[in-house]
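Notes follow the structure.
The values are calculated or read from the model by the stated rules, or taken from the named source; none is laboratory data. This one's a predicted model, so the numbers in the text were calculated from it and none came from an experiment. Note: ideal-geometry Cβ built from the backbone for every residue, glycine included; neighbour counts use all protein chains shown. Note: areas computed on protein heavy atoms with side chains; ligands, DNA, RNA excluded. Shrake-Rupley method; radii C 1.70, N 1.55, O 1.52, S 1.80 Å.
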Amino acid sequence: QVQLRESGGGLVQAGGSLRLSCAASGRTFERYVAGWFRQAPGKEREFVAVISYNTYTYYADSVKGRFTVSRDNDKNTVLLQMNNPKPEDTAIYYCVADLYAYSTNPQDYDYWGQGTQVTVSS
């Protein structure tokens, strides 16, 4: 079992920066794939970034070059550094984890956090 809790959301100006953090419980979290999805009002949940247990990463085209996902297995933490955010990045951001999935499909992930709101002002 893994429990995930996001923090770090809030209001940020376009072109600024924001860092989201996801704290995970579970003694074997270092073996899990982890990542981030987001959901804007009236839209479907969409993939943002994923990081494997051995730190391979993959990003949605919409955030590539601006967002960076990383993990600290000693602290059971996954981070999403958001640089140069745009108003279209406004959404609830969810941390996810799964023992096997390295996927852009939200249905492949067993564990989800509660989400943290990110609002980017223009």
Only Lys, Arg (+1) and Asp, Glu (-1) charged, at Cβ; region 1-47 dipole about Cα centre in debye: 80
Where Rh is the Kirkwood radius over Cα pairs, Rg/Rh for region 45-120: 0.93
Student exercise, the chain dipole from Lys, Arg, Asp, Glu Cβ charges, in Debye to nearest 20: 220
Positive-end extreme of charge dipole, the chain - chosen from Q39, L99, T119 (charges on Cβ): T119
Principal axis dimensions, largest first and in whole angstrom, of region 1-54 by Cα: 37, 23, 20
Apportionment of accessible area to carbon and sulfur, region 40-122, percent (1.4 Å): 45
Per residue solvent-accessible surface (Å²) - the chain, probe of 1.4 Å: 55
Listed peptides 88-96, 72-80 by packing density, highest first (mean Cβ within 10 Å): 88-96, 72-80
Signed unit charges on C-beta, dipole axis of the chain, positive-most listed residue N54, C22, V12: V12
